[in-house]
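Notes for the one structure printed next.
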């Protein structure tokens, strides 16, 4: 037998054994698959086919560190194989190690600059890190190379959805929907999921609901459709329906854990804290490394009856965890140590969690300041008379996060004529959408009317609407603005403790302090310009003297008095903010002055706050 023939037969035998391992893996027999791979590695440890298949196997069973070593070895020994770079970068992306993933892809593009899948993975990376401009650039390059690749176009539509470029996203999706014969089944489903997401972002909830219900009808056990439908009902403030659809999903797929994660969150939002605790504990019983659930529990439960779980969390070596788990674990441990009044230890973990977050998410401080300064500089014509009558329907609650705003909205929503909209983005969207700023009121009003029942009063608690005070004063002239003010260092500490994933300035104490000063000085300027529209509400004053402060606020709003305003903890409304558990309690003062327990940690913020004479006096 010739050497060539022997090599061919050896290769065939090798591929058969690899296929045998894959079949065992697919059948759930991971041990048998691993045994086969170990035999192959002993006899063919330098084979590209064996190493590549083994790397995929390790990735699939979530042995990420081993998979990374395998793919790195393949890159070193077979540098022309682009797939190895892509798979290594994919794992790093899943671990939120965006900078490391980017470096690997940059190496790959030097090998093959015109590889469509490589460009697609660049786009996926930038999409995951929320750098949507870069993501669009790279997906456009990939589409240019493969104009008929539906997967590339689907990612482009998803990027557009996240950029709120909804109409462009729907154009892509409608074209793909019409050519569904050419799509594989997975892409066909994904088209419908993305169409539903686009309509949700557009607040066309009826259209989105039809799509998701059709998917459920067609694919009865399609978990993602149930999950997305539950979030649609959440966005409509219909938490009962959210909870019911999740329970239906669980009855069909009881092992799909994202159902329970959402369910626990919705129980907390609706004030059903006992059920929220039980559900998170159930999640942990299935996966003790689910640190997201530990983090959720740390805000609402002391683990009094679950010492084993508490000990596991407190004894976790967080340095060995992946970045996402490390962040959630650090915040959870910090919260529990805070409750135990072990403030120095709490501060240590708090810094670990925020520093880790800042490694993977760039602070948005400069963007926020630039945004604020832009609107401060605009000169508006006087249009007050045009909107004089109906703009009195709106109360804008503004300020820094964690400044007592949820408590305030909870008080105001006890007025039966109030619809509390929560943290909606209607004003920001209206400003961006209008070509003529004088039309902003009409666009905003239409958004409110499309989503909410007719009412005489609406509260809008998007705190960063303080940026738009000049617009509110000019185009909502009878609207009320309540500015929520809290002791700067208590406020800064509370933001730093909150793990705000979508407010990346919150991971840096200097950035929080700088934004606080900028906010404070901006609102002082606006108070001079638009004083008749703005009421300064001080959180500490309300906690200290609710019987005095609450009537003053109600009187300023020119509302009739109701005794219920003094008992906001009895309010049964749904709350979707970080304070959703805390507002179920009676007025409490334990958080006032708590910054002094973290004074060493807060030194960078303290030095910045001292640069403002008024704020310095509050320290």
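Bear in mind these aren't lab numbers, they're just calculated from the coordinates by the rules spelled out. Quick caveat, the model's predicted, so the values are computed rather than measured. Using ideal geometry, Cβ is built from the backbone for each residue, glycine included, and neighbour counts are taken over all protein chains shown.
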Inset, instruction - Can you bin the stretch 365-521 into rounded, prolate or oblate? Criterion: square roots of the alpha carbon gyration tensor eigenvalues sorted a ≥ b ≥ c, rounded for a/c under 1.5, prolate for a/b above b/c, oblate for the rest. - result: oblate
Inset, instruction - Enumerate the residues in the stretch 304-339 having an amide nitrogen under 17 Å from the point lying 7 Å beyond the Cα of residue 359 toward its Cβ. - result: 317-332
Legend entry - Protection-proxy order for peptides 149-161, 521-533, each taking the mean of Cβ atoms within 10 Å per residue, highest first: 149-161, 521-533
Legend entry - Distance between the stretch 5-68 and the stretch 77-97 - C-alpha centres, whole angstrom: 18
Legend entry - Separation in nanometres of the label points that stand 7 Å from Cα toward Cβ, at residue 613 and residue 524: 0.9
Inset, instruction - Would you mind checking the radius of gyration and Dmax of the stretch 1-142 based on alpha-carbon positions, in Å? - result: 17.1, 59
Inset, instruction - Before rounding to the nearest 500, sum -39500 (n - 2.57) across all DSSP H runs of length at least 4 in the chain and divide by the residue total; then give [θ] at 222 nm in deg cm²/dmol. - result: -19500 deg cm²/dmol
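Does the stretch 29-72 come out rounded, prolate or oblate by the C-alpha gyration tensor, with a ≥ b ≥ c the root eigenvalues, rounded set by a/c under 1.5 and, if not, prolate when a/b is larger than b/c and oblate if not? Spell out each step's value before the answer.
On the way: a/c = 2.15, a/b = 1.08, b/c = 2.00.
Oblate is the answer for the stretch 29-72, as a/c is 1.5 or above yet b/c matches or exceeds a/b.
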Inset, instruction - Please sort 238-246, 283-291 by packing, taking for each peptide the average over its residues of neighbouring beta carbons within 10 angstrom, highest first. - result: 238-246, 283-291
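Evaluate E = 1/(1 + (r/R0)^6) for residue 455 and residue 251, where r is the Cβ-Cβ distance and R0 equals 35 Å; express this FRET efficiency to the nearest 0.05.
Values: r = 36 Å, r/R0 = 1.04.
E between residue 455 and residue 251, to the nearest 0.05, is 0.45.
What percent do you get for the relative contact order of the stretch 382-616 when only Cα pairs under 8 Å and 6+ apart count?
It comes to 27 percent, rounded to a whole number.
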Inset, instruction - State, to one decimal in nm, how far the label point of residue 532 lies from the label point of residue 62, with both points 7 Å from Cα in the Cβ direction. - result: 6.1
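State, as an integer percentage, the relative contact order of the chain based on alpha-carbon contacts under 8 Å between residues 6 or more apart.
Working: 788 pairs, mean separation 58.4, N = 619.
Relative contact order of the chain: 9 percent.
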Inset, instruction - Express the C-alpha Rg of the stretch 382-616 as a ratio against the empirical globular expectation 2.2 N^0.38 Å, rounded to two decimals. - result: 1.01
Legend entry - Separation between Cα centres of the stretch 126-176 and the stretch 297-369, rounded to whole Å: 35
Inset, instruction - Express the C-alpha Rg of the stretch 485-563 as a ratio against the empirical globular expectation 2.2 N^0.38 Å, rounded to two decimals. - result: 1.33
Legend entry - Tensor-based shape of the stretch 63-221 (alpha-carbon gyration tensor, a/c under 1.5 rounded, otherwise prolate or oblate): prolate
Inset, instruction - Find the centroid of the Cα atoms in the stretch 522-575 and in the stretch 397-438, then give the distance between the two in whole Å. - result: 14
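Tell me, in nm to one decimal, what length is gained between residue 38 and residue 344 on full extension, where the rule is 0.36 nm per residue of separation less the Cα-Cα distance?
Values: separation 306, 0.36 × 306 = 110.16 nm, distance 4.77 nm.
My answer for the length gained is 105.4 nm.
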Inset, instruction - Work out how far the C-alpha atoms of the stretch 90-180 reach from end to end along every principal axis, then list the three figures in whole Å, largest first. - result: 38, 25, 19
